[in-house]
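The values are calculated or read from the model by the stated rules, or taken from the named source; none is laboratory data. In this text, all values refer to a predicted model and were calculated from it rather than measured experimentally. With ideal geometry, Cβ positions are generated from the backbone for all residues, glycine too; neighbour counts draw on all protein chains shown.
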Amino acid sequence: MKFLKALFAFYINSSIHVAFAVLALLALTVFEFNLSITNELWVFVFLGALTGYNFVKYAKIAGLHHRSLTNSLKTIQIFSAGCFILLVYLATRLSVNTLLVTATFGLTTFFYAVPFVRNKSLRKFSGIKIFVVAIVWAGVTVIVPMVSSGAVISASVLLTFFQRILIVVALILPFEIRDVPYDALNLNTLPQQVGVKTTRLIGLGVLVLSVIFEFFKESLHVTYSSSLLFFCIILSWLLMVSKTKQSRYFASFWVEGMPVLWVVLFLLFDKF
């Protein structure tokens, strides 16, 4: 049992769970627009999400405490380094256009963690942290596969892109609520500015808006639309029960795993 707990902790802390969530959102774009993408891109996005998140989470800690890192963090560092090497190799198998678009979101992730203006990273700019993350997730899971497959970026694709930004914002809010006691006041996160209750209501409004976007697309994908609606209902419930004192894995496992549930819902609806 102790080994299983340690394995699960590694699964969460090494960002494997996050990477599966990003991969699930990529899959939903592939399903919605009937895309054909290479196996290399699937693995590239997975490894990119994993290494990117670990860089953001642990770069500063590793820099300050590199001589006294815990064994678990050292293991994550070695694991991430191996994944990054494979990521670089896979990059050589992708098209130039795909790499250029991916590099844009990769640099955004880099400067999210590394100071570049007045000794501040994007993470430190008041009120924009949540939107930076949402734009990167949306870009990687919507724009990148469209470019990679050579598909046209139509009005419907742009609507899905903005819809995905809204959904990722809603996914992040339970984390923002959880971190209220720990975030510096100068970050001006949404819960810090308007309170937890209002943050929940804003999250609900964001999800309602994302569903409304669906009806402005050129053609309605019934399976995608149905799964989106059920996904938003479940996520709305998770938002409403979010609080500053959460169980250990409420946000980092249940909320973060919601995109995987969305894929499951899509596949279930697709059978009917």
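Taking the stated definitions as given, is ARG164 assigned to a helix (DSSP H, G or I), modelled with pLDDT of 90 or more and either on the phi > 0 side of the Ramachandran plot or of a type in the set (D, E, K, R) (or both)?
yes
From the list VAL43, VAL56, VAL133, exactly one residue is part of a helix (DSSP H, G or I) and modelled with pLDDT of 95 or more. Which is it? Break it down stepwise before answering.
Details: VAL56 fails: modelled with pLDDT of 95 or more; VAL133 fails: modelled with pLDDT of 95 or more.
On inspection, the qualifying residue turns out to be VAL43.
Which residues, counting only those in segment 134-156, are closer than 19 Å to ALA24 by Cα, hydrophobic (A, V, I, L, M, F, W, C) and in contact with a Lys or Arg (Cβ under 9 Å, 6 or more places away or on another chain)? It would help to see each step written out before you state the result.
As a first pass, look at segment 134-156 and keep what is closer than 19 Å to ALA24 by Cα: 134-149.
If we keep only those that are hydrophobic (A, V, I, L, M, F, W, C) as well, we get 134-138, 140, 142-144, 146-147.
If the condition is that a residue be closer than 19 Å to ALA24 by Cα, hydrophobic (A, V, I, L, M, F, W, C) and in contact with a Lys or Arg (Cβ under 9 Å, 6 or more places away or on another chain), then ALA134, TRP137, ALA138, VAL142 are the ones that fit.
Please state which of the following conditions TYR112 fails to meet, knowing it meets all the rest: (1) farther than 21 Å from ALA24 by Cβ; (2) more than 15 Å from the chain's Cα centre (by Cα); (3) touching a residue at least 40 places away in the same chain (Cβ under 8 Å).
In the conditions (1) farther than 21 Å from ALA24 by Cβ; (2) more than 15 Å from the chain's Cα centre (by Cα); (3) touching a residue at least 40 places away in the same chain (Cβ under 8 Å), TYR112 misses (2) alone.
From the list ALA24, ALA81, exactly one residue is modelled with pLDDT of 95 or more and either part of a helix (DSSP H, G or I) or more than 30 Å from SER156 (Cβ to Cβ) (or both). Which is it? Don't jump to the end; show me each part of the working.
Details: ALA81 fails: modelled with pLDDT of 95 or more.
Among ALA24, ALA81, only ALA24 is modelled with pLDDT of 95 or more and either part of a helix (DSSP H, G or I) or more than 30 Å from SER156 (Cβ to Cβ) (or both).
Any idea which of PRO181, PRO174, PRO145 is part of a loop (DSSP other than H, G, I, E, B) and of a type outside the set (A, V, I, L, M, F, W, C)? Talk me through it step by step, then tell me what you get.
Details: PRO174 fails: part of a loop (DSSP other than H, G, I, E, B); PRO145 fails: part of a loop (DSSP other than H, G, I, E, B).
From the options PRO181, PRO174, PRO145, the qualifying one is PRO181.
Picking from VAL194, VAL147, VAL208, VAL157, which residue would you name as being modelled with pLDDT of 95 or more and under 30 Å from THR244 (Cα atoms)?
Details: VAL194 fails: modelled with pLDDT of 95 or more; VAL147 fails: under 30 Å from THR244 (Cα atoms); VAL157 fails: under 30 Å from THR244 (Cα atoms).
Residue meeting the stated conditions: VAL208.
Please determine, by comparing only the residues of segment 157-180 that are closer than 26 Å to VAL96 by Cβ and not aliphatic (A, V, I, L, M), which one is surrounded by the most Cβ atoms within 10 Å (Cβ to Cβ).
Going through the qualifying residues, I end up with THR160.
Hey, can you tell me all the residues within segment 148-160 that are polar (S, T, N, Q) and either more than 18 Å from the chain's Cα centre (by Cα) or assigned to a loop (DSSP other than H, G, I, E, B) (or both)? Please lay out each step first, then the result.
So in segment 148-160, the residues polar (S, T, N, Q) come out as 148-149, 154, 156, 160.
Correct list: SER148, SER149, SER154, SER156.
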